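As structure tokens, the structure follows; a few thoughts come after it.
Just so you know, all these numbers are worked out from the coordinates, no wet-lab data involved. Fair warning: this is a prediction, and the values are worked out from it, not measured in the lab. Neighbour counts run over all protein chains shown; Cβ positions are idealised from the backbone, glycine included.
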Amino acid sequence: METAHTANPANLGGSNFEEVVLPHLDAAYRLARSLTQIEGDAEDIVQEAALRAFRYFHTFSGGNGRAWFLRIVRHICYDRYGEDVKRAGEAFDEEKHTAHQLTPEMLLLRDDNAALIEDAMRDLPARFRELLVLRELEGLSYRELADALGIPIGSVMSGLARARQAFRRTLASELHRRARPGTQRSFACSPGSAVT
């Protein structure tokens, strides 16, 4: 007779590992990639997280499998790169990311918007990248974010507000940086003026 100690960890409590974890491998990779910024390391982290989730699947008590698995990924990232990831999240240089007259909406008019977004995200502290990736790219609800990150829902909301604000600044700064001084055109705003 199988007991809780000898049961297959991939099939406990009516849900199984494949149903709970495997659908979220892509989300796990994107999270790991945003935190480490190294493709190979992100793949290793997801593999380690999947093994850890399989090994400890018996501790999964049901509920949101996505948040549970992403929390494992996050813990591995912080365990492996703790000082580097935490250091990246400590400071946000307001002056570096201040650009005038550029808005995130201008991004829609650019052909290279994906590269701009990646570069702007790369400049954000890890904590902000983590929040934005999980909410905006992975579609986690505030409750799921709170569960995945192990923080109160109010901290999720305020953190997202700060992350979005920082993203707007880094995006504007990146757009400003890409506008080369020698290639800027001047546009006249008054009627009848020529555009150069």
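Could you sort the peptides 15-24, 52-61 by per-residue average Cβ neighbour count (10 Å cutoff), highest mean leading? It would help to have the intermediate numbers written out before the result.
Working: 15-24: 16.4, 52-61: 14.4.
Final packing ranking: 15-24, 52-61.
What is the Cα radius of gyration of the stretch 30-83 over 2.2 N^0.38 Å, N being its residue count? Spell out each step's value before the answer.
Details: Rg = 11.1 Å, N = 54, 2.2 N^0.38 = 10.0 Å.
Compared with the compact-globule rule of thumb, the stretch 30-83 sits at 1.11.
To the nearest 0.05, how large is the calculated FRET efficiency for E118 and R177 if R₀ is 22 Å and r is the Cβ-Cβ distance?
Efficiency computed from Cβ-Cβ geometry: 0.95.
Per residue of the stretch 19-25, what does 6.51 cos²θ - 1.76 cosθ + 1.60 with θ = phi - 60° give for ³J(HN,Hα)? Whole Hz please, x for Gly and Pro, Karplus curve as stated.
Residue by residue, the stretch 19-25 yields 6, 7, 9, 4, x, 10, 5 Hz.
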